[in-house]
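Visitor: If you scroll down you'll find the structure; I have some questions about it.
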Amino acid sequence: MYQLPKALPDELLLSRLIRFITISGISSSEFLQTCFGSKRISLHPFLTSGLSSIAKVCNEDANLLLKEQTLAPLFCFFLPAHSQKLNRMMFSNNGAKAFRASQLASFGSGRSLGLKLCPICVQHDLVTHGVSYWHRSHQVPGVDTCGYHGTDLFFHNLTQRQRLIKRLLPEHGIDIQYSSSIECKVARFSNRLLRLLETSDRIVKITDAYHYFLKEKGYLTHSGRVRRKVVMQEFCQCIANHSEKNPAIIPRGHTDFRYISQLLGSGSHHPYRHLMFCTWLIGDVCKISSYSQELSVDIDCSAEKVSRKESIADKCLAFLKAGMSMANVSRETGKSRCYIKRLALLNNVRINLKPKLLTQPVVDAIYELAHSGFHRREIARRCNVGIGSVEQIISNSPGLTERRKLCHFESTRRKHRLLLFNHLNFNINATRKSVKNDCSAAFFWLYLNDREWLEKTLPKAKAPKGRYHRGD
Ligand SMILES: [Zn+2]
């Protein structure tokens, strides 16, 4: 029996296995032989099958491995027709069949197999956990952005047939680049959907969900047909600044009606197409959860599934979801408005407050400005809201604070570099000492934060004048 290292947040099963063979001294072929009875088994990075065998040998829960450490739940969600087969194959020792059931090969994703990493997540994981690891949410096919930090994911090509390789963990020191805001939104949606699927057992038929939300937003005619022209126009406008690294998953233009007809049909499509469309149409993952709850109430309302939630927090959330005003919830539960507001924000529940200023378009505008690095005061002035509201929205958006910190750092660095550069240009005879005296703030900031650049840019140090010169 083997003991795998404890799963870190959002960690991929393959990552845990790699960490295990790295620290235990057991070779990958020994591990595979014990688990599967063959050294030649090749593990898929995000659809790692043979879960029953792994769970048995490592004393783990196979269902938990499937739901929390592979991408199978995401594929099952978008491919309900193949979900049963995929689930079955994931537990079996037949990786090739599991991969075929995912339909990924037929989508023409145009990329070889690999693992993706976010350089900021690597830094964060090394500081927080003392080890870097492969995140499950980064491996979603088509997603090239970190849903936490909005950074471009770095692709590590896996050339060997065997992917269980000792010490194959993300390395730090990779350049940080940021993706467009739409790619960040899709990645964030994908993260939240993965988290929702971890806990949800209900099977939602994605095409039914699309019809429900299209109807809710007025994209269906009276006879129930989809207003494809408007849908395509607005969808393409929303994804206008999406990168075109993988053209196969992006519509060819707002007249590419086949794109939408295919998605709304029953065929199988690349999960990223669905993710992009869901981000535009549904926006908030919680709506999927409320939609599936509504479905289950419709199906068995006779069973009176209105469960009596014991804790006050659950009671508050249930009242809010039922559309009760904040004042009424406060009266019913005896909790303060501040407590209820925070609870609602943490659980992504809309408050029936009819906000005068902080409407959804204003919240979106605040997010966009904050994402671009504007100062909180300037955002508050432009959107005509208080600084407190801006701060609350920033702190409730995962990864935004880190991104803003980095923007601020880069901006300060540019400012100080320019100051020093100008000083040296106007003073040809400047020495290191004169620079230190004349632009001391820039000098010391760069000395502490950007020493390599400073050393390269400063004039050469002069040899110290000794008190006693030779020959004097
Ligand atoms: Zn990240």
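Visitor: Looking only at the stretch 182-234, which residues are of a type in the set (S, T, N, Q) and buried (at least 16 other Cβ atoms within 10 Å of the Cβ)?
Guide: Looking only at the stretch 182-234, we keep the residues that are of a type in the set (S, T, N, Q), and these are 190-191, 199-200, 207, 221, 223, 233.
Of everything in the stretch 182-234, those that are of a type in the set (S, T, N, Q) and buried (at least 16 other Cβ atoms within 10 Å of the Cβ) turn out to be 190, 191, 200.
Visitor: With the structure loaded, tell me whether residue 67 is within 28 Å of residue 184 (Cβ to Cβ), in a helix (DSSP H, G or I) and more than 16 Å from the ligand (Cβ to nearest atom) or whether it fails that test. Break it down stepwise before answering.
Guide: Details: within 28 Å of residue 184 (Cβ to Cβ): yes; in a helix (DSSP H, G or I): yes; more than 16 Å from the ligand (Cβ to nearest atom): yes.
Yes, satisfied.
Visitor: Please go through (1) over 21 Å from the mean Cα position of the chain (by Cα); (2) buried (at least 20 other Cβ atoms within 10 Å of the Cβ); (3) of a type in the set (Phe, Trp, Tyr) for residue 107 and return the number of the only condition it doesn't satisfy.
Guide: (2)
Visitor: Oh, and also: Is it the case that some residue within the stretch 37-44 is among the basic types (Lys, Arg) and assigned to a loop (DSSP other than H, G, I, E, B)? Show your work before the answer.
Guide: Start the filter on the stretch 37-44 by keeping residues that are among the basic types (Lys, Arg), which leaves 39-40.
When the remaining residues are screened for being assigned to a loop (DSSP other than H, G, I, E, B), the result is 39-40.
There is at least one residue in the stretch 37-44 that is among the basic types (Lys, Arg) and assigned to a loop (DSSP other than H, G, I, E, B).
So that you can scan it fast, the table gives a plain yes or no per residue for (1) surrounded by 16 or more Cβ atoms within 10 Å (Cβ to Cβ); (2) farther than 22 Å from residue 145 by Cα:
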{"position": "359", "(1), (2)": "no, yes"}
{"position": "374", "(1), (2)": "yes, no"}
{"position": "404", "(1), (2)": "yes, no"}
{"position": "432", "(1), (2)": "no, yes"}
{"position": "439", "(1), (2)": "yes, yes"}
{"position": "450", "(1), (2)": "yes, yes"}
{"position": "460", "(1), (2)": "no, yes"}
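Visitor: So which residues in the stretch 70-84 are under 18 Å from residue 137 (Cα atoms) and assigned to a helix (DSSP H, G or I)?
Guide: 72, 73, 74, 75, 76, 77, 78
Visitor: Continuing with this model, one more query. Can you name the condition, by its number, that residue 411 falls short on among (1) surrounded by 12 or more Cβ atoms within 10 Å (Cβ to Cβ); (2) touching a residue at least 12 places away in the same chain (Cβ under 8 Å); (3) closer than 29 Å to residue 151 by Cα?
Guide: Result: residue 411 passes all but (1).
Visitor: Moving on. Which condition breaks for residue 39 when tested against (1) touching a residue at least 12 places away in the same chain (Cβ under 8 Å); (2) more than 19 Å from residue 271 (Cα to Cα)?
Guide: The failed condition is (1).
Visitor: Let me ask another. Would it be correct to say that residue 116 is within 13 Å of the ligand (Cβ to nearest atom), crowded, with 16+ Cβ neighbours inside 10 Å, without any contact (Cβ under 8 Å) to a residue 60 or more places away in the chain and of a type in the set (D, E, K, R)? Steps first, answer last, please.
Guide: Working: within 13 Å of the ligand (Cβ to nearest atom): yes; crowded, with 16+ Cβ neighbours inside 10 Å: yes; without any contact (Cβ under 8 Å) to a residue 60 or more places away in the chain: yes; of a type in the set (D, E, K, R): yes.
It is true that residue 116 is within 13 Å of the ligand (Cβ to nearest atom), crowded, with 16+ Cβ neighbours inside 10 Å, without any contact (Cβ under 8 Å) to a residue 60 or more places away in the chain and of a type in the set (D, E, K, R).
Visitor: Same structure again: Cβ contacts < 6 Å: first residue away from the ligand (no atom under 11 Å from the Cβ), restricted to the stretch 127-156; second residue among the polar types (S, T, N, Q) and assigned to a loop (DSSP other than H, G, I, E, B), any location; separation 6+ or different chain. Result?
Guide: Short answer, once both residue conditions are applied: 141/109.
Visitor: When you go through 98, 72 one by one, which is the residue that is at pLDDT 90 or above and under 29 Å from residue 208 (Cβ atoms)? Lay out the reasoning, then the answer.
Guide: Values: 98 fails: at pLDDT 90 or above.
When all the criteria are applied, what remains is 72.
Visitor: Quick one: residue 138 ticks every box in (1) over 30 Å from residue 402 (Cα atoms); (2) in a helix (DSSP H, G or I) except a single one, so which number is it?
Guide: (1)
Visitor: Oh, and also: Would you point out the residue of the stretch 309-352, among those that are among the acidic types (Asp, Glu) and over 30 Å from the mean Cα position of the chain (by Cα), that is farthest from residue 393 (Cα to Cα)?
Guide: Start the filter on the stretch 309-352 by keeping residues that are among the acidic types (Asp, Glu), which leaves 310, 314, 332.
Next cut, over 30 Å from the mean Cα position of the chain (by Cα) only: 310, 332.
Values: 310: 30, 332: 28 Å.
Among those that are among the acidic types (Asp, Glu) and over 30 Å from the mean Cα position of the chain (by Cα), it is 310.
Visitor: Under 7 Å between Cβ atoms, at least 6 apart or on separate chains: pull out the pairs that start in the stretch 358-387 with a residue that is in the same structural domain as residue 406 (by TED's automatic domain parsing) and end on any residue that is assigned to a loop (DSSP other than H, G, I, E, B).
Guide: Cβ pairs passing all conditions: none.
Visitor: I would also like to ask the following. List the pairs whose first member sits in the stretch 327-351 and is surrounded by 13 or more Cβ atoms within 10 Å (Cβ to Cβ), whose second member is not in a helix (DSSP H, G or I), and whose Cβ atoms are under 7 Å apart, counting only residues at least 6 apart or on separate chains?
Guide: Every condition considered, the pairs that remain are 330/336; 341/351; 344/351; 345/396; 348/284.
Visitor: A further question follows. Going by the structure shown, is residue 176 closer than 20 Å to residue 401 by Cβ and aliphatic (A, V, I, L, M)?
Guide: On the way: closer than 20 Å to residue 401 by Cβ: yes; aliphatic (A, V, I, L, M): yes.
Yes: the conditions hold for residue 176.
The values are calculated or read from the model by the stated rules, or taken from the named source; none is laboratory data. Worth saying up front: this structure is predicted, and the values here are computed from it rather than measured. Virtual Cβ from ideal backbone geometry, glycine too; neighbours counted across all protein chains shown.
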